[in-house]
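Beneath this line is the structure, given in structure tokens, with notes to follow.
The values are calculated or read from the model by the stated rules, or taken from the named source; none is laboratory data. Here the structure is a predicted model, which means the values were calculated and not measured. Don't worry about glycine lacking a Cβ; one is built from the backbone with ideal geometry, like all the others, and counts go over all protein chains shown. The protein model used for the area step is the full one, side chains on, heavy atoms only, and it has no ligands, DNA or RNA in it. Shrake-Rupley method; radii C 1.70, N 1.55, O 1.52, S 1.80 Å.
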Amino acid sequence: MQSLSEITSILGRVRRVLIIAHIVPDGDTLGSALGLSWALRKRGIETHLACADPVPSDLRFIPGWEDFTPRRKVDEEAILVIDASDLERVGNIYAADAFASVPVINIDHHTTNLHFGNVNMVAPTAATAELILQLITYLDIPLDATIATCLLTGMVTDTHCFRTSSITAEAMHAVARLMDAGASLPNIADAVFNHRPMALLKLWGPTFTNAGYADGILWTDITQDLLRTSGADVSSSKGLVNFLATLDEARVAITFRELEDHKIEVSMRSRPGLDVDTIALALGGGGHPRASGCILSASLAEAHVRVIGAIREAMGLIYAPA
Ligand SMILES: [Mn+2]
């Protein structure tokens, strides 16, 4: 990959870099950013980690998670954007002048990536963490247990513990290397999948009862009201769409999560034969063929019409309001 030598040459002449994880951060963006940060520090490069949103409580086991701040540091000499398909995903860390004055390195595995960087290391791997491992290997920085734990967390979370269609033999070789370097797969899998707050029952219950279904499309809403009354935090809503997508009748599962300020976060999961990444891209979002999302400025009712309408169109159905 040509981007590897270009990134190496940039990193060879900088002392301070900004590494950015995307908004509504997941284990891949956080683990990839941290794994890279720990590795670059071994090279004597000062790293500053930024994420516009807080680290979710269930991911506060990744080594170094406390280092993320919701602000840019002003003196960086390069900016690395991790696991983000477009600059919207940078959130309010984005600043036009800063991004125009230093090299921007875009490292991502989403099929919808817009190649917004001066250098773009973009390939459809199972996780961005796999690309970070390639980069660290190319830079000849030795792995250690801390770096390996960060990167394996990215791989475990983005693949739901190696169950997605994105998994390849190459990805599993990467996993073996990370385990050889000291990362514990059982500990990471336990931390990610076996700890859910009780409040999740109060959050998920009504979303099951109120779910809508028509023609293979299954959807439900996570309202602000429900988040408040259930006492659940945002991370409790994360596994919901994946669960809905396992129901036999669902060709597509969608969750509509109400954010503050008249915005709706849409998450989509589909079965083979229907790609949701192009639908998400058309709605201003992005992702992977089977797992994508977007944020719409809309009411819940408007978001239903736009998203379900686009999916029905992609399925060759004519939209009739539910
Ligand atoms: Mn990812």
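Screening 157, 125, 164 for residues that are among the hydroxyl-bearing types (Ser, Thr, Tyr) and either more than 14 Å from the ligand (Cβ to nearest atom) or within 27 Å of residue 2 (Cβ to Cβ) (or both) leaves exactly one candidate, 125. Restricting 59, 135, 114 to residues that are aliphatic (A, V, I, L, M) and open to solvent by 50 Å² or more (accessible area, probe 1.4 Å) narrows the list to 114. In the stretch 166-194, the residue that is surrounded by the most Cβ atoms within 10 Å (Cβ to Cβ) out of those that are farther than 22 Å from residue 111 by Cα and among the polar types (S, T, N, Q) is 184.
Of the numbered criteria (1) part of a loop (DSSP other than H, G, I, E, B); (2) within 21 Å of residue 294 (Cα to Cα); (3) at pLDDT 95 or above; (4) open to solvent by 10 Å² or more (accessible area, probe 1.4 Å), the one residue 76 fails is (2).
This table checks each residue for (1) within 14 Å of the ligand (Cβ to nearest atom); (2) of a type outside the set (D, E, K, R); (3) under 13 Å from the mean Cα position of the chain (by Cα).
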{"residue": "27", "(1), (2), (3)": "yes, yes, yes"}
{"residue": "31", "(1), (2), (3)": "yes, yes, yes"}
{"residue": "37", "(1), (2), (3)": "no, yes, no"}
{"residue": "55", "(1), (2), (3)": "no, yes, yes"}
{"residue": "59", "(1), (2), (3)": "yes, yes, yes"}
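Screening the stretch 246-267 for residues that are part of a loop (DSSP other than H, G, I, E, B) and hydrophobic (A, V, I, L, M, F, W, C) and picking the one that is surrounded by the most Cβ atoms within 10 Å (Cβ to Cβ) gives 250. Within the stretch 103-122, the set of residues being within 11 Å of the ligand (Cβ to nearest atom) and within 14 Å of residue 5 (Cα to Cα) comprises just one member, 107. Quick check on my filter: what residues within the stretch 103-148 are of a type in the set (D, E, K, R) and outside any helix (DSSP H, G or I)? The answer is 108, 140, 144. Within the set 226, 200, the sole residue that is farther than 28 Å from residue 110 by Cα, in contact with a Pro (Cβ under 7 Å, 6 or more places away or on another chain), outside any loop (DSSP other than H, G, I, E, B) and open to solvent by less than 70 Å² (accessible area, probe 1.4 Å) turns out to be 226. Give the stretch 1-25 a look and list any residue that's away from the ligand (no atom under 16 Å from the Cβ), open to solvent by 10 Å² or more (accessible area, probe 1.4 Å), closer than 18 Å to residue 72 by Cα and not charged (D, E, K, R), or say none. 14, the sole residue that qualifies.
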